[in-house]
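Notes follow once the structure below has been shown.
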2 protein chains.
Amino acid sequence: MTGDARLSWQAVQEIVRQRIRQRIWKPGDQIPHEADLAQELGCARATVNRALRGLADAGLLERRRKAGTRVALNPIRRAEFSIPLIREEIENRGERFDFRILTREMRPPPPDIQARLQIGEDAPILYLQTLYMANHMPYVFETRWVNTRAVPAAQEARFDTMSPNEWLVREVAFDGGDFALSAISASTQEAFILGCSAGAGLLALDRTTRNGRQMITSVRLVFHAGYRLHTRA
Amino acid sequence: MTGDARLSWQAVQEIVRQRIRQRIWKPGDQIPHEADLAQELGCARATVNRALRGLADAGLLERRRKAGTRVALNPIRRAEFSIPLIREEIENRGERFDFRILTREMRPPPPDIQARLQIGEDAPILYLQTLYMANHMPYVFETRWVNTRAVPAAQEARFDTMSPNEWLVREVAFDGGDFALSAISASTQEAFILGCSAGAGLLALDRTTRNGRQMITSVRLVFHAGYRLHTRA
DNA sequence: GAGTGGTCTAGACCACGTT
DNA sequence: ACGTGGTCTAGACCACTCT
């Protein structure tokens, strides 16, 4: 008995996943229309739609109007990473969170930052270097450029009890952003600050944050040696 | 005239985004119920639901039954990266894709691979080292362990015209997987293979792939120096 | 032109978590 | 207990895109 209760969209998803897994529907195959599936499974088309849309979002299916729905040839091409909130990440492990502002000055933006923040070379930009620590050990080294046209109050901010990131989060409404991950070899300065040997491979996360169409801030986080970023859940 | 056509869920999303951006609804604030919003905006609750659910998925809102919907205190904690299909990535840039199998043998799995693939130490495991090239230059160095209990045919596969990854994608239905990103310092072997200096910082992507509850394969990709992984669109 | 997914609606009931 | 989001339904119309 598989039961005949009406199906939830999750149940429909699971059925479809199984058929793909068991190769009843093979990569590249077209699968039945929403209407047919709904009838076969005994639920509303909207339910099937919700299920299939989810699988398409996950990259398992490819859907196009008129052309129908096909099993993706190459699934798993997307991965969602949780971008850590440094303080949370550290405190959740029961370690002591701490930070130190190393540099704080107004500075003309270099060309790459001008491009990222979409500003001119004479725009007033706040430059910050911050070291975040877990149990007093270096954890992440942050280099940040803040567009003070977008956030004038940043020029007055003290950043003594609240880290630059936390301050910005409270002050302005973020809306979106772009990320890039890369590996770098530790410069002498980075090695000194993070307490690793010069040339060590370090994970670098670049992030630019937007509020509507206005660029707020551009950051590079350089993590301590050995740091790993995982897909969530 | 803003018009009085009925709203799409995207339009509702944009309205909510604006209210958050303009701080009409501040981080931590509770926003109106779906029903109220639907009435205010003149659309069905399902439409509001779809819009708000999307924003919650994106991390901009936090929703809980009974407690209602709140503006997230810290948005943008998730980022979706497109995991490259090596061949596509290279050919899309108009470069020549190529690969070479460097090692191919049955080998007892080391403890970390045993754990990842959830197998015993005597399980039959295929070990593969492959170098992928763009325009004959080293691009990615892949180290792969294949659970031949799950994919017996892998023992016979030639991998002469089809890379191990492409072969596996055709042969078994993937269903999910876990990813981790880290930075490593190039070992002598890796430096030799990838044509960089020993100790250079390189981006490493570890991936374990599942079919239902059965673990199929575990891979480490080590990218050439300077490689960057971006959020998609 | 016609077929398929995309979306909206109005109403209903359910499930969870707060109170 | 009760309020809020979560989901399902049946039906309708729209929008894209393939032929």
### From the options B:105, B:91, residue that is within 14 Å of chain A (Cβ to nearest Cβ), away from DNA strand C (no atom under 16 Å from the Cβ) and of a type outside the set (S, T, N, Q)
B:91
### Query
Do you know which of the residues in the stretch B:7-30 that are near DNA strand C (Cβ under 10 Å from one of its atoms) and assigned to a loop (DSSP other than H, G, I, E, B) is nearest to the chain's Cα centre (by Cα)?
B:8
### Which listed residue is within 14 Å of DNA strand D (Cβ to nearest atom), among the aromatic types (Phe, Trp, Tyr) and either within 11 Å of another protein chain (Cβ to nearest Cβ) or crowded, with 16+ Cβ neighbours inside 10 Å (or both), from A:25, A:9
A:9
### Summary
Restricting the stretch B:63-102 to residues that are outside any strand (DSSP E or B) and of a type in the set (Asp, Glu), the one farthest from the chain's Cα centre (by Cα) turns out to be B:95
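Could you run through the stretch A:68-86 and say how many residues are small (Gly, Ala, Ser), within 16 Å of DNA strand D (Cβ to nearest atom) and farther than 20 Å from residue B:88 by Cβ?
Step one: of the stretch A:68-86, the residues small (Gly, Ala, Ser) are A:68, A:72, A:79, A:82.
Checking the rest, the ones that are also within 16 Å of DNA strand D (Cβ to nearest atom) come to A:68, A:72.
Next, only the ones that are farther than 20 Å from residue B:88 by Cβ stay: A:68.
Adding up the residues that qualify gives 1.
Would you please name the residue that is farthest from the other protein chains (Cβ to nearest Cβ), looking only at residues in the stretch A:38-52 that are within 11 Å of DNA strand D (Cβ to nearest atom) and among the charged types (D, E, K, R)?
Of the residues in the stretch A:38-52, the ones within 11 Å of DNA strand D (Cβ to nearest atom) are A:38-39, A:41-51.
Those still in the list that are among the charged types (D, E, K, R) too: A:45, A:50.
Details: A:45: 14, A:50: 10 Å.
If we take residues in the stretch A:38-52 being within 11 Å of DNA strand D (Cβ to nearest atom) and among the charged types (D, E, K, R), then A:45 is farthest from the other protein chains (Cβ to nearest Cβ).
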### Task
Take the residues in the stretch A:31-62 that are of a type in the set (D, E, K, R) and in a helix (DSSP H, G or I), then tell me which one is farthest from DNA strand C (Cβ to nearest atom).
A:40
### Query
Among the residues of the stretch A:157-173, is any out of contact with any Cys (no Cβ under 8 Å at 6 or more places or on another chain), under 22 Å from residue B:221 (Cα atoms) and not aromatic (Phe, Trp, Tyr)?
no
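Yes/no matrix, rows are residues, columns are (1) of a type in the set (A, V, I, L, M); (2) farther than 23 Å from residue B:117 by Cβ; (3) surrounded by fewer than 20 Cβ atoms within 10 Å (Cβ to Cβ):
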{"residue": "B:156", "(1), (2), (3)": "no, no, yes"}
{"residue": "B:168", "(1), (2), (3)": "yes, no, no"}
{"residue": "B:176", "(1), (2), (3)": "no, no, yes"}
{"residue": "B:192", "(1), (2), (3)": "no, yes, yes"}
{"residue": "B:210", "(1), (2), (3)": "no, no, yes"}
{"residue": "B:216", "(1), (2), (3)": "yes, no, no"}
### Task
Just name the residue that is nearest to residue B:73 (Cα to Cα) out of those in the stretch A:160-200 that are at the interface with chain B (Cβ under 7 Å from one of its Cβ atoms) and of a type in the set (Val, Ile, Thr).
A:169
## Note on the structure
Reported set for the stretch A:98-115 where residues are within 25 Å of residue B:79 (Cα to Cα) and crowded, with 17+ Cβ neighbours inside 10 Å is A:99, A:113, A:114
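Before we move on, is residue B:222 under 25 Å from residue B:96 (Cα atoms), within 10 Å of chain A (Cβ to nearest Cβ), touching a helix residue (DSSP H, G or I) at 6+ places or on another chain (Cβ under 7 Å) and in contact (Cβ under 8 Å) with a residue 60 or more places away in the chain?
Working: under 25 Å from residue B:96 (Cα atoms): yes; within 10 Å of chain A (Cβ to nearest Cβ): yes; touching a helix residue (DSSP H, G or I) at 6+ places or on another chain (Cβ under 7 Å): yes; in contact (Cβ under 8 Å) with a residue 60 or more places away in the chain: yes.
It is true that residue B:222 is under 25 Å from residue B:96 (Cα atoms), within 10 Å of chain A (Cβ to nearest Cβ), touching a helix residue (DSSP H, G or I) at 6+ places or on another chain (Cβ under 7 Å) and in contact (Cβ under 8 Å) with a residue 60 or more places away in the chain.
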### Query
Mind checking which residues of the stretch A:39-50 are within 35 Å of the chain's Cα centre (by Cα) and of a type outside the set (S, T, N, Q)?
A:44, A:45, A:46, A:48, A:50
### Message
Criterion first (away from DNA strand D (no atom under 13 Å from the Cβ), exposed (fewer than 12 other Cβ atoms within 10 Å of the Cβ) and within 13 Å of chain A (Cβ to nearest Cβ)) does residue B:59 satisfy it?
### Response
no
### Query
Got a number for residues in the stretch A:62-83 being touching a Lys or Arg at 6+ places or on another chain (Cβ under 7 Å), among the hydrophobic types (A, V, I, L, M, F, W, C) and more than 20 Å from residue B:207 (Cα to Cα)?
1
## Note on the structure
Taking the stretch B:62-80 and the residues there that are facing chain A (nearest Cβ under 9 Å) and more than 18 Å from residue B:15 (Cα to Cα), the one that is modelled with the lowest pLDDT would be B:76
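The values are calculated or read from the model by the stated rules, or taken from the named source; none is laboratory data. For clarity, every value in this text was computed on a predicted model and none was experimentally measured. Ideal geometry is used to build each Cβ from the backbone, glycine not excepted, and the neighbour counts take in all protein chains shown.
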